[in-house]
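Undergrad: The structure's right below; bear with me while I get my questions together.
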Amino acid sequence: MSVSMKYWLIGLTAIAVVSDSMLIPFYPHFFESAFGVTSAHTVGLYIAACCLTVMLAFPVWARVARRAALLPLLINTQLVAGGLSVLCYWTATVTQFWVVSLAMLLFKASYLLIYPQIMRLEQADSHGRTIGLLSVIVHFGGIGGALLGGAVLQWFEPRQVFLLMAVGDFLQTGICVLLKRRQAPTPETGNDEPPTPDTPAHLGLVLRLCSVMAVFYFSAFLIRPFFVRYWEDLSGLHDAFLSGVVFAIPGAVALLALWLSYRRPADSQAHWRILPAMLFVVAGLLLQAVPSTLAVLAGRVLFGWGLFRATVRLDQLLFALSQPAHYATDFSKVSFSQNLGVLVASWAAGAVVAGTSLDTPFYLAAVGLVVSAVLFYTLLFRPQRPSRVASPQRSRLSRSEA
């Protein structure tokens with residue numbers, strides 16, 4: 001894969017993440033300012049509908065991508081998404097906004113195809129570093145999008161944020177047109193071996209990974225909705241900026257972990273060493289539940305370190321057990337399970353905090369992480385341990401290392 005194409009695709013991902021993250025922290029403010037809607041239930045239902053739309057749309061786009069080239073597909077879908085973003089600005093009622101914005105997300109979801117495409121054309125021994133880079137870009141892109149969206153909501157008319165989203169969509173469309181014109185005829189995959197059929201054994205392996213992913217993402221995101229409130233109650237410091245800094249500590253730690261990974265030799269078997277990373281996450285969660293600001297800060301560091309390592313290695317495991325021809329469809333299944341975990345966690349966090357206390361999600365998340373570690377060991381590591389060949393992809397790795 002050419003370096004320039006790789007970074008163009010990564011740039012497309014960054015633009016998409018910033019564009020899609022602008023309203024995520026501000027939906028209650030947006031609905032109140034734009035439509036006079038103050039019901040938390042309505043806002044929560046809309047967020048759930050957004051998540052479900054992306055969950056259901058991406059597998060469809062992954063199927064379409066098996067028969068259509070990526071760049072022409074993205075040109076069309078992002079162009080439509082940009083047009084629908086402009087229409088969101090002109091909606092006059094909540095019902096119109098729901099219909100148009102969910103349709104917009106339906107087409108926006110196609111940009112997720114960029115991730116498996118990058119991995120499809122990347123060398124296998126570079127998967128871990130590339131996944132880490134994308135993980136950091138997604139995290140900081142979300143922070144940048146939130147800052148940009150907050151600025152628009154503070155100084156401009158709320159619905160103008162969708163005009164800015166449209167600019168991002170049209171920018172992606174223009175970059176895809178440019179890349180399509182520059183693209184030289186190349187093989188569609190990163191290897192010369194013909195793809196093998198998607199067998200029931202392979203499907204079962206991916207579904208087992210999906211079950212681990214769903215529990216892991218549920219546990220990791222269970223503490224997210226009420227962390228700022230927990231920190232402010234514990235510290236007594238009701239400073240939005242400081243709370244945001246504490247909330248962003250795992251992102252800074254992830255950036256450090258990414259830098260260190262580039263200084264170390266690549267390890268094609270690193271994806272099997274997930275359990276130590278999960279232990280760091282569990283330790284970080286339990287530390288954050290201690291009623292001490294210093295303990296919380298230390299816990300955020302451990303949580304960020306372990307979370308980055310675990311998420312990167314879980315994604316790396318998917319691409320190690322799959323093969324390039326199946327990357328998009330396999331990733332769509334995993335993405336569905338990840339989003340399902342996040343969706344259930346968002347709902348469960350509110351119910352748990354309402355019925356107990358602000359520190360309870362940390363304990364439940366730690367238990368969930370232990371469950372996901374047990375599932376990983378019993379469903380994946382033990383039956384597919386590194387001493388045995390688990391898939392055609394691992395067989396290719398073994399031959400290339402011999």
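The values are calculated or read from the model by the stated rules, or taken from the named source; none is laboratory data. For clarity, every value in this text was computed on a predicted model and none was experimentally measured. With ideal geometry, Cβ positions are generated from the backbone for all residues, glycine too; neighbour counts draw on all protein chains shown.
Undergrad: Of all residues in the range 258-278 being among the hydrophobic types (A, V, I, L, M, F, W, C) and assigned to a loop (DSSP other than H, G, I, E, B), which is modelled with the lowest pLDDT?
TA: Of everything passing the filter in the range 258-278, A266 is modelled with the lowest pLDDT.
Undergrad: Also, I was wondering about something else. Right, V312: in contact (Cβ under 8 Å) with a residue 24 or more places away in the chain, in contact with a helix residue (DSSP H, G or I) (Cβ under 9 Å, 6 or more places away or on another chain) and closer than 25 Å to E122 by Cα or not?
TA: yes
Undergrad: Looking at the range 59-67, can you tell me whether even one residue there is in a helix (DSSP H, G or I), crowded, with 18+ Cβ neighbours inside 10 Å, among the hydrophobic types (A, V, I, L, M, F, W, C) and within 19 Å of the chain's Cα centre (by Cα)?
TA: Scanning the range 59-67 turns up at least one residue that is in a helix (DSSP H, G or I), crowded, with 18+ Cβ neighbours inside 10 Å, among the hydrophobic types (A, V, I, L, M, F, W, C) and within 19 Å of the chain's Cα centre (by Cα).
Undergrad: Moving on. Mind telling me which of the residues F331, F319 ends up being touching a His at 6+ places or on another chain (Cβ under 6 Å), surrounded by 23 or more Cβ atoms within 10 Å (Cβ to Cβ) and not polar (S, T, N, Q)?
TA: F319
Undergrad: Quick check on this structure: which one of V281, V334, V301 is touching a residue at least 12 places away in the same chain (Cβ under 8 Å), in a helix (DSSP H, G or I) and out of contact with any Leu (no Cβ under 8 Å at 6 or more places or on another chain)?
TA: Matching residue, one of V281, V334, V301: V301.
Undergrad: Let me ask another. Right, L205: modelled with pLDDT of 75 or more, hydrophobic (A, V, I, L, M, F, W, C), out of contact with any Lys or Arg (no Cβ under 8 Å at 6 or more places or on another chain) and over 30 Å from A289 (Cα atoms) or not?
TA: Against the criterion (modelled with pLDDT of 75 or more, hydrophobic (A, V, I, L, M, F, W, C), out of contact with any Lys or Arg (no Cβ under 8 Å at 6 or more places or on another chain) and over 30 Å from A289 (Cα atoms)), L205 qualifies.
Undergrad: Another question about this same structure. Return the pair list, or none, for Cβ contacts closer than 7 Å from residues in the range 228-241 that are exposed (fewer than 12 other Cβ atoms within 10 Å of the Cβ) and of a type in the set (A, V, I, L, M) to residues that are modelled with pLDDT of 90 or more and in a helix (DSSP H, G or I), at least 6 apart or on different chains.
TA: none
Undergrad: Moving on. When the range 345-400 is examined, which residues are found to be modelled with pLDDT of 55 or more, surrounded by 16 or more Cβ atoms within 10 Å (Cβ to Cβ) and over 22 Å from F221 (Cα atoms)?
TA: Once the filter is applied, which keeps residues that are modelled with pLDDT of 55 or more, surrounded by 16 or more Cβ atoms within 10 Å (Cβ to Cβ) and over 22 Å from F221 (Cα atoms), the range 345-400 yields L379, L380, F381, Q384.
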